[in-house]
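To start, the structure itself, in structure tokens.
The values are calculated or read from the model by the stated rules, or taken from the named source; none is laboratory data. Keep in mind that this is a model prediction, so the values were computed, not measured. We place every Cβ from the backbone using ideal geometry, glycine too, and count neighbours over all the protein chains shown. Each accessible area value is taken on the protein alone, full model and side chains, heavy atoms only, with ligands, DNA and RNA left out. Shrake-Rupley method; radii C 1.70, N 1.55, O 1.52, S 1.80 Å.
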Amino acid sequence: QVQLVESGGGLVQAGGSLRLSCTASGRIFSVNAMGWYRQGPGKQRELVASIISGSSTNYGHSVKDRFTISRDNAKNTVYLQMNSLKPEDTAIYYCNADIRRTWTSIPSDYWGQGTQVTVSS
């Protein structure tokens, strides 16, 4: 079984910062892309940022230049540094990873349970 466990969410004032972490554990052969998605109240889930094993990154338009995604391949961990937070960043943030469990298996999508980020004005 594979698990993604997130941490680092919380309540912060506008203009503040938070750092999210997500670690993949269990039977893992390789981790390809890792990323963060979010779903705000009454909104659809959207991509926040993603990173592949070679460190190529992709950001959602609304977070570019404020958020930074990084990863530690040795720890199967992805981070999201969020700066200059705005009330519209309030959402549940979900970790996502594309994981191969064995060398013969095809990659599958895994999700964390989500962590709440609330930005007060």
Review point. Please state the relative contact order of the chain as a whole percent: Cα pairs under 8 Å, 6+ residues apart?
Key: 36
Review point. Ignoring ligands, DNA and RNA, what percent of the accessible area of the chain is carbon or sulfur (1.4 Å)?
Key: 47
Practice item. Report, by chain and number, residues whose modeled amide H sits under 5 Å from the one on residue 90, excluding near sequence neighbours (fewer than 5 apart, same chain). Key: 119
Review point. Taking a probe of 1.4 Å, how large is the accessible area per residue of the chain, in Å²?
Key: 54
Point to revise | 5 Å binning of all Cα-Cα separations within the chain, expressed as whole percents from 0 upward | key: 2, 12, 23, 24, 18, 10, 6, 3, 1, 0
Exercise for review: Please work out the FRET efficiency for the pair residue 17 and residue 109, using the Cβ-Cβ distance as r and a Förster radius of 30 Å; give the result to the nearest 0.05.
Suggested key: 0.55
Study note, to complete from the structure: Expected field for residue 118, accessible surface area in Å² at 1.4 Å probe radius, rounded to 10, holds 50
